[in-house]
Amino acid sequence: MDAALAGGSFPAPPDPPVSDWHTMAEDGRHDLLAHLEYLGDATQFAVKMHRMISYSPLFENFNMAEIRLMSHFMQVYRTGPGQEIIHEGEQGDFMLLMIEGSVEVFKQDRWNTPKLIAAVNAGKTLGEMSMIDGEPRFATCVAAEPCVIAVLSRENLARIILEQPILGAKILMELVLMLSQRLRQTSIKLVSLMDKEGN
């Protein structure tokens, strides 16, 4: 395996031409988020995103140059408290990074009553599975307070892979590792639950 993919550092890829940045932002604005306040591309938050690496599973192995480059492909929105960001059951093709604030995650039970299952704070990501496989959203995400979120769409991830393949490979590797860790944690909880039911 390539040492870089095994967790080593990647050479900083070159920034895209300045003339391309505005086009990236315009192309990436998402219809499903039209009810939120659009703040532009994420370059203005690149330094803040880099400061999150100590508690952000996605960014913990990225350097400043890589985060700055990726930020050109991400769009930022501001939400008010109580605003819905992701709705359970809708088709999803983007993931989001919490930059400021916190989000509550609700899952409908068998009686279609929403139950709070998690709270997500700055540095964490949501919606990765639907961005990758295009399946309906697993849960509903609602802003618990004013939030700032950075959004990466499947289309822009594909553009990164095409235009910046080294960075694209690293993002995919980090996503795979992060989802794998979540699956392991879920499996451990499931085994523990089965053990309790068996006793």
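The values are calculated or read from the model by the stated rules, or taken from the named source; none is laboratory data. From a predicted model like this one, the values you see are computed outputs, not experimental measurements. So basically every Cβ, Gly included, is an ideal-geometry build from the backbone, and we count neighbours across all protein chains shown. Accessible surface areas use protein heavy atoms only, side chains included; no ligands, DNA or RNA. Shrake-Rupley method; radii C 1.70, N 1.55, O 1.52, S 1.80 Å.
Long-range amide H contacts for MET74: which residues qualify at under 5 Å (H placed 1.01 Å from N, peptide plane, sequence gap of 5 or more or a different chain)?
Under 5 Å from the amide H of MET74: ALA42.
Probe of 1.4 angstrom, ligands and nucleic acids ignored: what's the accessible area per residue over the range 37-187, in square angstrom?
Per-residue value: 46 Å².
Short version: ³J(HN,Hα) in whole Hz for each residue of the range 122-139, in order, from phi by Karplus 6.51 cos²θ - 1.76 cosθ + 1.60 (θ = phi - 60°), x for Gly and Pro, what are they?
4, x, 8, 10, 9, x, 5, 4, 5, 4, 7, 9, x, 6, x, 4, 6, 8
Run the numbers for GLN91 and ARG184: contour at 0.36 nm per residue of separation, minus the present Cα-Cα distance, in nm.
Working: separation 93, 0.36 × 93 = 33.48 nm, distance 2.53 nm.
Extra length from GLN91 to ARG184 when fully extended: 30.9 nm.
Under the classification rounded if a/c is under 1.5, otherwise prolate if a/b is larger than b/c and oblate if not, where does the range 108-158 fall, given a ≥ b ≥ c as square roots of the Cα gyration tensor eigenvalues?
Cα axes put the range 108-158 in the oblate bin.
Please report the carbon-and-sulfur percent of the accessible area for the range 95-151; probe 1.4 Å, protein heavy atoms only, DNA, RNA and ligands left out.
Accessible surface attributable to carbon and sulfur in the range 95-151 totals 55 percent.
Normalised by the number of residues in the range 40-146, what is the relative contact order in percent for Cα pairs under 8 Å and 6+ residues apart? Can you show the working numbers first?
Values: 210 pairs, mean separation 35.4, N = 107.
The value is 33 percent.
Just to verify a number: what accessible area does THR113 come out at with the full protein assembly present, 1.4 Å probe, Å² rounded to tens?
About 60 Å², rounded to the nearest 10.
Under 27 Å between alpha carbons: how many lysine pairs meet that in the range 97-199, if sequence neighbours fewer than 8 apart on the same chain are excluded?
Final tally of qualifying lysine pairs is 9.
Each label point is 7 Å from the Cα along the Cα-to-Cβ direction; what then is the distance between the points at MET194 and ASP109, in nm?
Label at MET194, label at ASP109, 2.5 nm between them.
Based on the Cβ-Cβ distance of ILE161 and LEU116, what FRET efficiency does E = 1/(1 + (r/R0)^6) give at R0 = 30 Å, to the nearest 0.05?
0.25
Out of the range 59-131, which GluC sites (Glu not before Pro) are coil in DSSP terms and have no more than 12 other C-beta atoms within 10 Å?
Those satisfying the criteria are GLU90.
The range 88-166: which trypsin sites (Lys or Arg not before Pro) are DSSP loop and have at most 14 other beta-carbon atoms within 10 angstrom?
Passing both the DSSP loop test and the Cβ count: ARG110.
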